[in-house]
Amino acid sequence: MSLQLIELVPATPEKEAVRSIIDATSTAVSQASAELIESQVTADHGRVFVVVESESTEGLAETVRAALADTVTEVTGPDEVRLVGAELEDIKKLKGQTDYLVEWDIPAEITMDQYLARKKANSPKYAEVPEVSFLRTYVREDTAKCLCFYNAPDEDAVVRARAAVSTPFDRMFKLEV
């Protein structure tokens, strides 16, 4: 079993439209013999991040694209990801809110082993910003990018947490409550 990240851009960035997209994605994923692990929606409803678990990606992309048709303007993935900083079983039970998602386009010269070593070495430094809770990261197996999830009172706190662990980011999204 592997984890796959699918990123969606809704054609209509509205709450109800996004709910329909997530429902259709969940159904499509199930039809492709995969399991929806989690979905996160940006506060402006402009992006949806979906993580699924599957034995095979064969047909997954096509099934999801067909199910979503013209409700989305862009489907990226599925891209295999590795969960870091949390256990999959805990994520499956997760019902709590996540405040922020940070994307980092990892430089090409950083390998997975280097990324993981860096993450392990720097993670204790989050304690320097106690108002921020690091929750989990999904890092693409091709190390093209990672998605890091945080609970924090505001964007500035997330920026301070990223600075504390000496890790830049390319995009930050407030997530839907």
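None of the figures in this text is laboratory data; all of them are computed from the coordinates on show. Worth saying up front: this structure is predicted, and the values here are computed from it rather than measured. Here Cβ is always computed from backbone atoms with ideal geometry, including for glycine, and neighbour counts include all displayed protein chains.
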Notebook entry, point to check: For ALA11, which sequence-distant residues (separation of 5 or more, or a different chain) have an amide H within less than 5 Å of its own amide H, given hydrogens modelled in the peptide plane?
Noted result: VAL72, THR73
Note to self: From the phi angles alone, apply the Karplus equation (6.51, -1.76, 1.60; θ = phi - 60°) to the stretch 127-137 and give each ³J(HN,Hα) in whole Hz, x where the residue is Gly or Pro.
What the structure shows: 4, 5, 10, x, 6, 10, 10, 6, 9, 5, 9
Check: Computed on alpha carbon atoms, what radius of gyration and Dmax characterise the chain, expressed in Å?
Finding: 16.0, 46
Margin query: Residues of the stretch 134-173 with the amide nitrogen closer than 13 Å to a label point 7 Å from the Cα of GLU74, along Cα-to-Cβ, please.
Written below: 171
Item checked: Separation between Cα centres of the stretch 120-154 and the stretch 15-86, rounded to whole Å -> 22
Checklist line | DSSP H segments from the chain that extend 18 Å or more along their own axis, Cα-based, with Kyte-Doolittle mean of -0.5 or above | finding: 15-31
Check: What FRET efficiency comes out for the pair LEU116/LYS15, r = Cβ-Cβ distance, R0 = 22 Å, nearest 0.05?
Finding: 0.05
Item checked: Range of Cα positions in the stretch 1-43 per principal axis (Å), largest first -> 32, 17, 13
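Remind me, relative contact order of the stretch 82-177 in percent, using alpha carbon pairs under 8 angstrom and six or more residues apart?
On the way: 149 pairs, mean separation 41.4, N = 96.
Here the relative contact order equals 43 percent.
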Notebook entry, point to check: Can you list the lysines whose alpha carbon sits under 29 Å from that of LYS119, skipping same-chain ones fewer than 8 residues off?
Noted result: LYS92, LYS93, LYS95, LYS145, LYS174
Next item on the list: Could you tell me whether the stretch 12-112 comes out rounded, prolate or oblate from its Cα gyration tensor? Rule is a ≥ b ≥ c as square roots of the eigenvalues, rounded for a/c under 1.5, then prolate if a/b exceeds b/c, otherwise oblate.
Entry: rounded
Notebook entry, point to check: When only Cα pairs under 8 Å and 6 or more residues apart are kept, what is the percent relative contact order across the chain?
Noted result: 26
